[in-house]
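The values are calculated or read from the model by the stated rules, or taken from the named source; none is laboratory data. Small disclaimer: the values here were computed from a predicted structure and weren't measured. Note that each Cβ is placed from the backbone with ideal geometry, even for glycine, and that neighbours are counted across all protein chains shown.
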Amino acid sequence: MKPPEEKSRSSPLKIRGFPALNAAFLCLFTNVSLMYLYPLALEKLYVSPAQIGIVMGVFSMAAVAVRPFLGLLIQRTGEGSVIFPGLALATAAGLCYPFLDAFGPLMITVRVLHGVGFSAFIAGGFSIAARSIPSKNQGEAFSFIGAAITGAVAFAPPAGEALIRAAGFDALYIAAVSALPAAASFCRAAIRNASLTPPVPAPAAEVYRIVLAAGSFLPLLVVTWCFSHSQSTVLNFLALAAEQAGSSGGKFFFLCFFTALITLLTAGRTGDRLPKVYLLRVFLPIMALSVAGIPRLIGSPYWPLPALAFGISLGMLFPVLNAMAAGVTPVYAAASMAVFTAVYDGGFITGPVLSGWMAESTTLPAAFTSAAFIVGAAFFVTLAAFRKPNP
């Protein structure tokens, strides 16, 4: 008979409902990743680059703006009451894309509704993970979720490009929207099979007061924003850095995401065995060095060094941060994960904006350097704020 400790370390894939939840994340991010190609369609409609930025940006802005309200609603009524209407809303928005033929209020409205629907799934999906996975398995569980997301981000856009070449943009829209009913089906199975404690209703002000007052939560949010801001800077400006260096961004993306995927699939249990704060203190500096090195090494024979370092740090930091957020206030997991994911997504808004301003005001390498300093500052936050090994 296995001892209790060994049982607690069994794979999260054996936990009822978790494989279905992981499949739902894969489907949702397949939808989102296919729509990363939407700027190609907008260009064909003669939408200006500035307007393309607005169209793509309002998706994330809407998702972040509604996340805390969705978290509170989940806390009161449960995940299903938010996830399924959200996926229905995203599906309705997805069906509108073939009929959008010009930049304007209708296009912006569709993107906002799509973002709100996406946000509903994120709020509910991460709440299910936080409430159904035992704390000793959460690091590995969030690694699997990260692997599903990374797999979709890595493979959906190339598949979408092939669809566009073969059958046009309508085929892309059909493929993207088809992933959403599949996500709903997997979510239904996850909720039906998972062992979820009943939500604890409480006044909104009280819930978020408790969550934000948790000793380690605010510093964790700062670290999370630093991480996602720097990650977003790399994802948005890597291609430009490669072009300026006369190199290929594609090979960097492939090696980086492949490394992150392998790390997520193989090293997730490390976050459950070792103190999570120590892992932050190891991999935040590695990420900072990799970000600073990208524009300086991407055109040299040493380009794999920042690609490998960035991929490994992504694969280690994503599940650790999620597991720490899930454990801050387990009773109010829906609210805490809603705030956490909103801050994480907020970094994907500030990354391109602030780093773009820095690149325009100075140079592109300076933008990468500033992002490296920001994620490096997160290391010092962990030294100052997290006194215990596992906050």
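Below are the figures for this structure:
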item: Residue tally, condition closer than 18 Å to Pro105 by Cα, at pLDDT 85 or above and assigned to a helix (DSSP H, G or I), over the stretch 1-54; result: 3
item: Counted residues, the stretch 264-280 - those being assigned to a helix (DSSP H, G or I) and over 16 Å from Ala325 (Cβ atoms); result: 6
item: Residues satisfying the stated conditions in the stretch 116-159, i.e. crowded, with 23+ Cβ neighbours inside 10 Å and not in a helix (DSSP H, G or I); result: Ile133
item: Residue in the stretch 206-215 that is modelled with the highest pLDDT, counting only those that are over 15 Å from Thr341 (Cβ atoms) and either crowded, with 19+ Cβ neighbours inside 10 Å or β-branched (Val, Ile, Thr) (or both); result: Ile210
item: The listed residue being free of Cβ contacts under 8 Å to residues at least 12 places away in the same chain and either surrounded by 20 or more Cβ atoms within 10 Å (Cβ to Cβ) or touching a Leu at 6+ places or on another chain (Cβ under 7 Å) (or both), out of Leu297, Leu317, Leu321, Leu305; result: Leu297
item: Selection from the stretch 96-105 of residues that are within 24 Å of Val82 (Cα to Cα) and assigned to a helix (DSSP H, G or I); result: Tyr97
item: Test: Ala171 is in contact (Cβ under 8 Å) with a residue 60 or more places away in the chain, closer than 30 Å to Pro98 by Cβ and not assigned by TED's automatic domain parsing to the domain that holds Ala338; result: no
item: Inter-residue pairs, beta-carbon under 6 Å, first within 13 Å of Phe144 (Cα to Cα) and β-branched (Val, Ile, Thr) and in the stretch 258-276, second at pLDDT 80 or above and assigned to a helix (DSSP H, G or I), 6+ apart; result: Thr263/Ile312; Thr263/Gly315
item: Of all residues making up the stretch 325-370, the number that are over 18 Å from the mean Cα position of the chain (by Cα), part of a helix (DSSP H, G or I) and of a type in the set (Gly, Ala, Ser); result: 7
item: The stretch 79-88, residues that are surrounded by fewer than 20 Cβ atoms within 10 Å (Cβ to Cβ) and over 19 Å from Ala130 (Cα atoms); result: Pro85, Ala88
item: Residues of the stretch 93-112 classified as buried (at least 19 other Cβ atoms within 10 Å of the Cβ) and within 19 Å of the chain's Cα centre (by Cα), total; result: 1
item: Every residue from the stretch 25-74 that is among the basic types (Lys, Arg) and under 30 Å from Tyr208 (Cβ atoms); result: Arg67
item: Within the stretch 281-305, tally of residues that are under 11 Å from Cys256 (Cβ atoms), at pLDDT below 95, part of a helix (DSSP H, G or I) and not aliphatic (A, V, I, L, M); result: 1
item: Close pairs (7 angstrom Cβ cut-off, 6 or more residues apart or separate chains): in a loop (DSSP other than H, G, I, E, B) in the stretch 60-82, buried (at least 20 other Cβ atoms within 10 Å of the Cβ) and not hydrophobic (A, V, I, L, M, F, W, C) anywhere; result: Gly78/Pro199; Glu79/Gly124; Glu79/Ser127
